[in-house]
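A.B. asks: Just dropping this structure here.
The values are calculated or read from the model by the stated rules, or taken from the named source; none is laboratory data. Remember, predicted model here, so these are calculated numbers, not experimental data. Using ideal geometry, Cβ is built from the backbone for each residue, glycine included, and neighbour counts are taken over all protein chains shown.
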Amino acid sequence: MADTTEVIRPSAVLADQLAKELVRQLDSRDVSRGGVWSVSPGLWQRYDRAWDGPGGTRGSAQLVGTIGAVYGTPSKYDITIYRVTVTEHGHKQGWSVDSICNDALQYVDLTLATCPRTALAAAAPDPFKRRAGAS
């Protein structure tokens, strides 16, 4: 099975304090310090093990998936999770979009299913539908 990417709709949103705490928790589990996460603004990568290569390089660790996150939306300090990719290796290891998200979100006592979501915009009006009172 190849890599698969899923757009999260509606996007999951972490408000200010939860966002800060989650990034802090993931950073404390960095792959270069014995953890399994590599976090940068916009991309959170989940590996199957800590990096064990020479000089702190990846070594035998393999990427299982990534979480795409936008910082500063919908409010200044919020983080929005909008896309998740599971690698072929991740699929073989039993990972899914939900399990990768849940692995990250567990540190703020959330799952993808319980995480607050963005409000979807109302559907645009049908331009071909006749409005009442129009001639």
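A.B. asks: Hey, among THR66, THR73, THR80, THR85, which residue is within 29 Å of ARG117 (Cα to Cα) and in a loop (DSSP other than H, G, I, E, B)?
C.D. replies: It is THR73.
A.B. asks: Follow-up question, since we're still on this one. Quick one: ALA19 ticks every box in (1) of a type outside the set (Phe, Trp, Tyr); (2) touching a helix residue (DSSP H, G or I) at 6+ places or on another chain (Cβ under 8 Å); (3) part of a helix (DSSP H, G or I) bar one, so which box is it?
C.D. replies: (2)
A.B. asks: Out of all the residues in the stretch 1-13, is one or more in contact with a helix residue (DSSP H, G or I) (Cβ under 6 Å, 6 or more places away or on another chain), aliphatic (A, V, I, L, M) and at pLDDT 95 or above?
C.D. replies: The answer is no; no qualifying residue exists.
A.B. asks: Within the stretch 95-111, is even one residue under 25 Å from THR4 (Cβ atoms), modelled with pLDDT of 95 or more, touching a helix residue (DSSP H, G or I) at 6+ places or on another chain (Cβ under 7 Å) and in a strand (DSSP E or B)?
C.D. replies: no
A.B. asks: While we're looking at this one, here's another question. Scan the stretch 7-44 for residues that are exposed (fewer than 14 other Cβ atoms within 10 Å of the Cβ), of a type in the set (D, E, K, R) and within 18 Å of ARG117 (Cα to Cα) and jot them down.
C.D. replies: Listed by number, the residues that qualify are ARG9, ASP16.
A.B. asks: Another one. Let me confirm something: among ASP52, ASP3, which residue is of a type outside the set (Ser, Thr, Tyr) and surrounded by fewer than 14 Cβ atoms within 10 Å (Cβ to Cβ)?
C.D. replies: The conditions single out ASP52.
A.B. asks: Any idea how many residues of the stretch 40-73 are among the polar types (S, T, N, Q) and closer than 26 Å to LEU14 by Cβ?
C.D. replies: Adding up the residues that qualify gives 4.
A.B. asks: Counting only residues that are among the charged types (D, E, K, R) and in contact (Cβ under 8 Å) with a residue 12 or more places away in the chain, which one in the stretch 1-28 is nearest to VAL108 (Cα to Cα)?
C.D. replies: Among those residues, the one meeting the criterion is GLU21.
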